[in-house]
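Here is the structure we will look at, set down as C-alpha cells.
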Ligand SMILES: C[S@@+](CC[C@H](N)C(=O)[O-])C[C@H]1O[C@@H](n2cnc3c(N)ncnc32)[C@H](O)[C@@H]1O
C-alpha cells in the first residue's frame, strides 16, 4: 500500500483579529512617536546585556547583526553561518526561551536576555550601527486596541532609524506586514513587502507556521540616508 499525501492547503487568514486592514490610527501614532523621543528606565538585565556586547565589540570589532525577538536563538545561529565575519547578537526578554537554545557550532554569535526596545536605545545612545537587523515573527498583538504593543506601534520604533543598516521582518499576518511597511516609511526605512516561502525555516515559529500551511510575509528594507 502506498502512503497517500494530501497537498498542503495554504491558509491565508489564520489570525483572529477585529481589523479588516491597516489600523486607521497607524500613521498618526508613528508620526507622534517620531516627534517625541521614547524614554523608559533601562532594565538591569538589558544594561548588563549591552555591556557584554560593548565588551565584545571592543575586544574584537566586527560588523553587527541584530536578531531582535530571537526566541530560542535558532535564527541567531543560522544567521551566524550566513555572516561569518560579523557578530550576530540574538536578544529576547525570555530567559526560559533562551535556555532552550540548541547547538553552538560557531563562535561569532551571542544570545543575550534583554528587552528589545531598551537595547535599541542603548545602541542608539552609544552610536552603534547595525549591518542588518532581523525581526522574525514578533508578537502580532492582533486586537485593534493593541496597536501600540506591536513593534511598529511602539514608542521605541523610531529609534530603529538611528541604528541604520538593512532590516528584515517576517510575520504570518498580512495586515501586520502592510502596517510595518507603512510605519517603516515614516521613519525612513524604505522597502518591499511580499508573500514568502522559506525553503529551510530560519526560526521555530517559521517552521511551525509552514507546517500548518500559513501564508508567510516578509518586509525587507534599507534606511534611507
Ligand atoms: C512569537 S515569538 C518568535 C520567536 C522567534 N523569533 C521565532 O520566530 O521562533 C516572539 C518572541 O519575542 C519575545 N519578545 C516579546 N516582546 C519582547 C521585547 N519587548 N523584548 C525582547 N523580546 C521580546 C518573546 O519572548 C518571544 O520569544
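Readers should treat all values here as calculations from the given coordinates under stated rules, not as data from a laboratory. As the structure is a prediction and not an experimental result, all values here were calculated from the model. Every residue, glycine among them, receives a Cβ derived from its backbone with ideal geometry; neighbour counts consider all protein chains shown.
When only Cα pairs below 8 angstrom with a gap of at least 6 residues are kept, the chain shows a relative contact order of 24 percent. Per-residue extension of 0.36 nm, minus the Cα-Cα distance of residue 190 and residue 57, leaves a gain of 45.1 nm for this segment. Largest mean-square fluctuation among 58, 168, 179, in a Gaussian network model of the chain whose springs join Cα atoms under 10 Å apart, belongs to 58.
Taking 142, 41, 61 in turn, the Gaussian network model of the chain (Cα-Cα springs below 10 Å) assigns the largest fluctuation to 41. Taking every DSSP beta bridge that has both ends in the chain, the antiparallel portion is near 40%. Kindly provide the helix-only [θ] at 222 nm of the chain, computed as the sum of -39,500 (n - 2.57) over DSSP H runs of four or more divided by all residues, to the nearest 500 deg cm²/dmol? The helix contribution divided over the chain gives -9500 deg cm²/dmol.
Stretching residue 107 away from residue 144 to a fully extended chain increases their span by 9.1 nm, per 0.36 nm per residue minus the current alpha-carbon distance. By the beta-carbon count within 10 Å of each Cβ, the least crowded to most crowded order of 218, 104, fewest first, is 104, 218. Extension gain, residue 95-residue 81: 0.36 nm per intervening residue step, less the Cα-Cα distance, totals 2.7 nm. The ellipsoid equivalent to the alpha-carbon distribution of segment 59-160 has semi-axes of 24, 17, 11 angstrom, derived from the gyration tensor eigenvalues as √(5λ) and listed largest first.
Using the Kirkwood radius built from alpha carbon pairs, what does the Stokes-Einstein equation give as D for segment 1-138 at 25 °C and 0.890 mPa s, in µm² per second? Roughly 140 µm²/s, to the nearest whole number. Counting every alpha-carbon pair across segment 117-157, the share separated by more than 13 Å comes to 62%.
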